[in-house]
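Peer 1: This is the structure I want to talk about, given as C-alpha cells.
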Amino acid sequence: MSQNKSVNRLFLIVVVVYIGVSLGFGALSSLIPALAQLPIYVSLLLSQALIFVPCLIYCKWKGLRIGEFIPYKKINFVTVILVIICTYLMYPLIIVLNAISMLFSTSGTAGVMELMDGQNFILSTLFMALMPACVEEFMFRGVLFQTYRKSKMLPAIFLSAFLFGCMHMNLNQFMYAFALGVYLAFLVEATGSIFSSMIAHFTLNFTSVVLSFLLPYLYEAVGMSMESAGPQVGAGGLAANMGSNELLTFLMGIMIWLMVAIGTTAAAFGIYVAIGKINGRWAYVKHMFHVGTRERLVTIPLVLGILVVFMFMGLSIFLEYL
C-alpha cells in the first residue's frame, strides 16, 4: 500500500474517532453532571490527544521514524522574527475570510470566545496556543504534508491545507484555516523546518488568547459592554440576524479590510522571499513544483473522511438555523 493511501486512512480514522469521542463526551456530560464541571482544559487536552495519538500509533505501526515527518532543522533568530512579522502581515487576510464565513455561520468564532471567557491566561496560552501549534503541525505539516509532497508539491500544499481546514469541523473556521494551512506549508518549504510553521501557528493562537483577555478591559475603559460592541447574533450567521443597513455596513467593512489584506499579503510575500533567501532555499522554492512522483493523492478513504466532515458541518449549520 502506498504511503498516500495509508495517511488518507489515518485522516479518516482521526475524523471518525474525533467526532465520535466528541459527541460521546458531550452526551455523557449531559448525563453525568461531574463531567460537565471539568475544567475546559480537560476537553482541550482530549481534543489534541485525539489528533496526536492516532498519528503516533500510525508512525509506530508503519515502523516510521517521527523525524521523517518532522523536518526539525534549527532556524536562526532572524528567521524567527521574520516569520512572526510575516504571520502578522497575513492576519488581515484571515480577518477577511473569517468575516465572510461569519455571514453564514458563527459557531466557530462563538465557540472559541466562549472557551476563552474567564480562563487562566497561562493555562490558555499552554492549551489553546502552544499545544495546538505543536500537535496540529505534527499531523498536517508533518505526517500528511511530508507524505503528500513526495508525489507533487502544489497539490500536497493545498490538500494538506484543505484537510487542516476540515479538521476544525465548522464552516466559520474552515475558510481561514485553509488559507493558513497553505501559508504554513510554504513556510516549512522556505525554511526546511517545521519549527517555522509551529512558531507562526503559535503566534496566531497566542494573539487570539491575548485579545480575548484584553478586549473586556478595553471595552470597559471606553464604557462599552462586550454585548453592545458588535452585532447581536442569534441562530445562524450574521446575514440572518442583521438588518439591511447593518449588513451593508458589515460588507463595506469587509471590503475595506480586503483592500488592507491585499497590501499586507503582498508585503508578506516580500518577507517570505527574504526568509527563503536567508535560509538558502529560495532557489529551491522556485523550482520545487517541478519534481515528484505524480502518485495519486486522493483515495476513497480520504473522500469518505471529507464527506464525514462536511456532513457534520452541514448538520451543525442546520441545527444553528433551527
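Peer 1: State whether one or more residues within region 130-148 are closer than 23 Å to Asn8 by Cα, at pLDDT below 90 and not polar (S, T, N, Q). Working first, answer last.
Peer 2: Step one: of region 130-148, the residues closer than 23 Å to Asn8 by Cα are 132-148.
From the residues that got through so far, the ones that are at pLDDT below 90 too are none.
Within region 130-148, not a single residue is closer than 23 Å to Asn8 by Cα, at pLDDT below 90 and not polar (S, T, N, Q).
Peer 1: Looking for something at pLDDT 90 or above and not in a helix (DSSP H, G or I) - is there at least one such residue anywhere in region 309-322?
Peer 2: No; the residues of region 309-322 include none that is at pLDDT 90 or above and not in a helix (DSSP H, G or I).
Peer 1: Cβ contacts < 8 Å: first residue β-branched (Val, Ile, Thr), restricted to region 48-62; second residue surrounded by 15 or more Cβ atoms within 10 Å (Cβ to Cβ) and at pLDDT 90 or above, any location; separation 6+ or different chain. Result?
Peer 2: Qualifying pairs under 8 Å: Ile51/Val14; Ile51/Tyr18; Ile51/Val135; Ile51/Glu136; Ile51/Met139; Ile51/Met167.
Peer 1: Please verify whether Ile306 is in contact with a Cys (Cβ under 8 Å, 6 or more places away or on another chain), assigned to a helix (DSSP H, G or I), surrounded by 14 or more Cβ atoms within 10 Å (Cβ to Cβ) and modelled with pLDDT of 90 or more, treating the condition exactly as stated.
Peer 2: Numbers: in contact with a Cys (Cβ under 8 Å, 6 or more places away or on another chain): yes; assigned to a helix (DSSP H, G or I): yes; surrounded by 14 or more Cβ atoms within 10 Å (Cβ to Cβ): yes; modelled with pLDDT of 90 or more: yes.
Taking the combined requirement at face value, the residue satisfies it.
Peer 1: Next question. Residues that are at pLDDT 90 or above and either buried (at least 19 other Cβ atoms within 10 Å of the Cβ) or of a type in the set (A, V, I, L, M) (or both): list the helices (runs of 4 or more DSSP H) wholly contained in region 51-126 that include at least 2 such residues.
Peer 2: Working: elements: 66-69, 77-102, 107-116, 121-124.
Helices (runs of 4 or more DSSP H) meeting the threshold: 77-102, 121-124.
Peer 1: Then there's this: Scan region 67-95 and report the pairs whose first residue is at negative phi and whose second residue is outside any helix (DSSP H, G or I) and among the polar types (S, T, N, Q), with Cβ atoms within less than 8 Å and a gap of 6+ or a chain change.
Peer 2: Within 8 Å, the pairs are Pro71/Ser193; Tyr72/Ser193; Lys73/Ser193; Lys74/Ser193; Ile75/Ser193; Ile75/Asn279; Thr79/Asn279.
Peer 1: Restricting to region 216-245, and then to whatever is surrounded by 14 or more Cβ atoms within 10 Å (Cβ to Cβ) and either of a type in the set (Asp, Glu) or under 28 Å from Leu130 (Cβ atoms) (or both), can you tell me which residue is modelled with the lowest pLDDT?
Peer 2: Tyr219
Peer 1: Identify all residues within region 54-86 that are in contact with a strand residue (DSSP E or B) (Cβ under 8 Å, 6 or more places away or on another chain) and more than 30 Å from Ile13 (Cβ to Cβ); write none if there are none.
Peer 2: Once the filter is applied, which keeps residues that are in contact with a strand residue (DSSP E or B) (Cβ under 8 Å, 6 or more places away or on another chain) and more than 30 Å from Ile13 (Cβ to Cβ), region 54-86 yields Lys74, Ile75.
The values are calculated or read from the model by the stated rules, or taken from the named source; none is laboratory data. The model shown is predicted, which means the values in this text are computed figures rather than measured ones. Cβ coordinates were reconstructed from backbone atoms using ideal geometry, including for glycine residues, and neighbour counts include every protein chain displayed.
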